[in-house]
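The values are calculated or read from the model by the stated rules, or taken from the named source; none is laboratory data. For clarity, every value in this text was computed on a predicted model and none was experimentally measured. Every residue, glycine among them, receives a Cβ derived from its backbone with ideal geometry; neighbour counts consider all protein chains shown.
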Amino acid sequence: MNRLAAGLMAAALALPTAAMACQERVTVTVHDTAPETVTVFTFPGTAEAYQLMLSRAFNAFSPIAWALGLLALTLATVRARKSPGFGQVLFTPGFIAGAGLATTGAFFLRWLPVGDLFRMGLSLPLPDMDQLFFGPDMDASPIFYSALIPAIVSAAGIRWQGARRLVTGVACGFAGTMAAAAWHAWPELSVLSARWASLPWLAINAVACCFIARAMFVAEARDVGSPRVRA
């Protein structure tokens with residue numbers, strides 16, 4: 001219940017921010033004179049705007065495969081005696097949820113009879129959520145295609161044991177998404193569009209995400225943190 005309340009509070013803070021970032025221009029006529037163009041801050045009012053928001057992955061399976069491979073590699077570097085095994089991590093709900101949100105997104109929302117924002121916008125993978133703020137674009141934001149979001153989420157894993165599998169899922173999912181983007185050279189980054197600039201950025205941040213996941217595994221093996229609640 002506490003986790004659900006925290007998620008709803010985060011959504012309540014994030015959605016108004018996204019609304020301020022999505023500008024829509026409208027034209028109105030004032031006293032039969034020349035049209036005056038004003039800017040209002042709101043979500044786009046048509047479904048077509050959300051239809052343009054798509055996952056940028058080269059294919060649906062590459063980020064998942066890279067995430068699982070990097071998970072195995074990260075676990076192999078943990079030398080603590082009580083370190084978890086590959087299957088112990090992979091089949092926990094927290095890891096599946098975190099990795100799924102970072103690689104495929106909440107794709108099931110597209111099939112539900114809900115509003116266009118939830119069906120299209122919020123069903124995107126986390127690295128592609130920049131489209132909610134900056135509009136539909138196939139060029140990815142280097143801010144979202146980085147280790148920034150996993151680093152922020154890791155604060156919960158440092159404090160609470162129950163959040164660590166979720167954090168490792170998000171970290172491995174981001175690492176897999178960026179590794180796949182580096183491998184396929186797609187999507188291009190909005191600022192670092194040149195291959196010689198985007199490749200090191202994606203590779204370094206994917207490695208940083210692996211270090212975040214490793215830190216969670218080490219903390220779990222050493223039983224560090226608040227009382228255990230499995231995620």
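How many residues are within 21 Å of the chain's Cα centre (by Cα) and surrounded by 13 or more Cβ atoms within 10 Å (Cβ to Cβ) if we restrict to the stretch 74-101?
At the first step, the residues of the stretch 74-101 found to be within 21 Å of the chain's Cα centre (by Cα) are 74, 89-101.
Subset that is surrounded by 13 or more Cβ atoms within 10 Å (Cβ to Cβ): 74, 89-90, 92, 94-101.
Total meeting the criteria: 12.
If we keep just the residues of the stretch 192-208 that are among the aliphatic types (A, V, I, L, M) and part of a loop (DSSP other than H, G, I, E, B), which is nearest to Thr74 (Cα to Cα)? Write out each step before concluding.
If we filter the stretch 192-208 for residues that are among the aliphatic types (A, V, I, L, M), which is where we start, we get 192, 194, 197, 199, 202-204, 206-208.
From what is left, the residues that are part of a loop (DSSP other than H, G, I, E, B) are 192, 194.
On the way: Leu192: 27, Ala194: 29 Å.
It comes out as Leu192.
Is one or more of the residues making up the stretch 22-37 in a helix (DSSP H, G or I), farther than 22 Å from Asn205 by Cα, at pLDDT below 90 and outside the structural domain of Val170 (by TED's automatic domain parsing)?
First, pick out the residues of the stretch 22-37 that are in a helix (DSSP H, G or I): none.
No, every residue in the stretch 22-37 fails to be in a helix (DSSP H, G or I), farther than 22 Å from Asn205 by Cα, at pLDDT below 90 and outside the structural domain of Val170 (by TED's automatic domain parsing).
Run down Ile64, Ile143, Ile158, Ile152 and say which single residue is more than 27 Å from Ala185 (Cβ to Cβ) and modelled with pLDDT of 85 or more. Please lay out each step first, then the result.
Numbers: Ile64 fails: more than 27 Å from Ala185 (Cβ to Cβ); Ile143 fails: more than 27 Å from Ala185 (Cβ to Cβ); Ile158 fails: modelled with pLDDT of 85 or more.
Matching residue, one of Ile64, Ile143, Ile158, Ile152: Ile152.
Of all residues in the stretch 105-155, count the ones that are buried (at least 16 other Cβ atoms within 10 Å of the Cβ) and within 18 Å of Arg214 (Cβ to Cβ).
7
Starting from residues that are polar (S, T, N, Q) and surrounded by fewer than 24 Cβ atoms within 10 Å (Cβ to Cβ), keep the ones in the stretch 156-197 and report whichever is nearest to the chain's Cα centre (by Cα). Before you say what the answer is, go through the steps one by one.
Here is the first cut: in the stretch 156-197, the residues polar (S, T, N, Q) are 161, 168, 177, 190, 193.
The next check asks that each one be surrounded by fewer than 24 Cβ atoms within 10 Å (Cβ to Cβ); those that pass are 161, 190, 193.
Working: Gln161: 21, Ser190: 17, Ser193: 21 Å.
Step by step, filter the stretch 156-197, then rank; the result is Ser190.
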